[in-house]
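Below is one structure; the comments refer to it alone.
Nothing in this text is a laboratory measurement; each read-out follows from the coordinates by a stated rule. Every value quoted in this text rests on a predicted model; they were computed, and no experiment measured them. So basically every Cβ, Gly included, is an ideal-geometry build from the backbone, and we count neighbours across all protein chains shown.
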Ligand code: PBG
């Protein structure tokens, strides 16, 4: 609309200066929104870079406390721990997941002792422990549901006993959230939280993570019989609803950037704590472009994270957590 030569409305006025831009900003990223995924390996004095994830390292458990210290200093609320199980102890049934002395349990006890205030999230799924790389148990080439849930409950209890605060089932078996809640309560772990990977898609963007864990080469087939079809959106709402009815305290959508519409729908429909996982492949894409000089590191990183907030996420699991927290501080 104009009067004579001049528009009445000038949205650019509020963009004119830094101070008004700050005043009218609708969304803000804070360190409180960040969860840092950390890969831990066996051995001593080991640090190996994940080749497809420049800047991301797997660190041996003796170096874990030092590796994690910056997260404490920067005020990052929680870590998501991912153990890289030595390949020679992986088996058909993922038995190592129930061992109270396994890598994630030792890591959890150590970190709880060193940094009691740091939240610990434990991924619950069988893929770091199975010789076939699937998140559940295989029978005649098919990942069976109910027997997998039993194994996952055993794994969940094992992690809770080691001090994991938030269990994050990432397996997509039906009924696992309810089964875990019941088993946790029966053992007195009434305050152990469940953050379910409620809408987890069968995505191509997990590739670098599977390399980080060493499960990619082992994987027989794909995960399409349990992870969701990227074509679906209403189905994500049903998955979230079921997990909430079964007792999930927080829900997650994964991957992140290609699924911002799902985050928005989940947040609007359920108004519960909703998290986004900016997965390995998303990190790799940005970093590949950064390494080529095609994208600005800080700009692309912060914009990608703010996008999750704008879509309605309460928090983000991101391999950028440390760098983003530093950028927010400066
Ligand atoms: C395991 C699990 C995966 C990721 C988190 N937990 C991989 C998969 O489902 O194959 C992916 C994380 C990432 O790509 O950063 N169930």
Legend entry - Neighbour-count order for 290, 149, fewest beta carbons within 10 angstrom listed first: 290, 149
Inset, instruction - Report, in degrees rounded to the nearest 10, the 0 to 90 angle that the Cα long axis of helix 280-291 makes with the longest principal axis of the chain. - result: 50 degrees
Inset, instruction - Scale the Cα Rg of the range 1-150 by the rule-of-thumb value 2.2 N^0.38 Å and send over the ratio, two decimals. - result: 1.61
Legend entry - Kirkwood estimate for the range 133-223, i.e. one over the average of 1/r between Cα atoms, Å: 14.2 Å
Legend entry - Proxy reagent accessibility, fewest Cβ within 10 Å first, across 277, 206: 206, 277
Inset, instruction - Alpha carbons only, please: Rg and Dmax for the chain, in angstrom. - result: 20.8, 79
Inset, instruction - Please give the helix 146-161 orientation as an angle from the longest Cα principal axis of the chain, in degrees from 0 to 90, rounded to the nearest 10. - result: 80 degrees
Inset, instruction - Name all residues of the range 175-210 having a backbone nitrogen under 14 Å from the label point set 7 Å from the Cα of residue 224 along its Cα→Cβ direction, giving them as ranges. - result: 202-204
Legend entry - Calculated over the range 246-330: convex hull of Cα atoms, volume per residue (Å³): 98 Å³
Inset, instruction - Determine, for 316, 322, the number of other Cβ atoms within 10 Å of each Cβ, and report the residues in order from fewest to most. - result: 322, 316
Legend entry - Cα Rg over Rh - the range 17-81, Kirkwood: 1.18
Inset, instruction - Set the Förster radius R0 to 56 Å, insert the Cβ-Cβ distance between residue 109 and residue 12 as r into 1/(1 + (r/R0)^6), and round the FRET efficiency to 0.05. - result: 0.50
Inset, instruction - Kindly provide the pair-distance distribution of the range 260-301 built from C-alpha pairs, with 5 Å bins from 0 and whole-percent values in order of increasing distance. - result: 5, 20, 20, 14, 13, 14, 9, 4, 1
Inset, instruction - Any chance you could give the angle, 0 to 90 degrees and rounded to 10, that helix 103-114 forms with the longest Cα principal axis of the chain? - result: 60 degrees
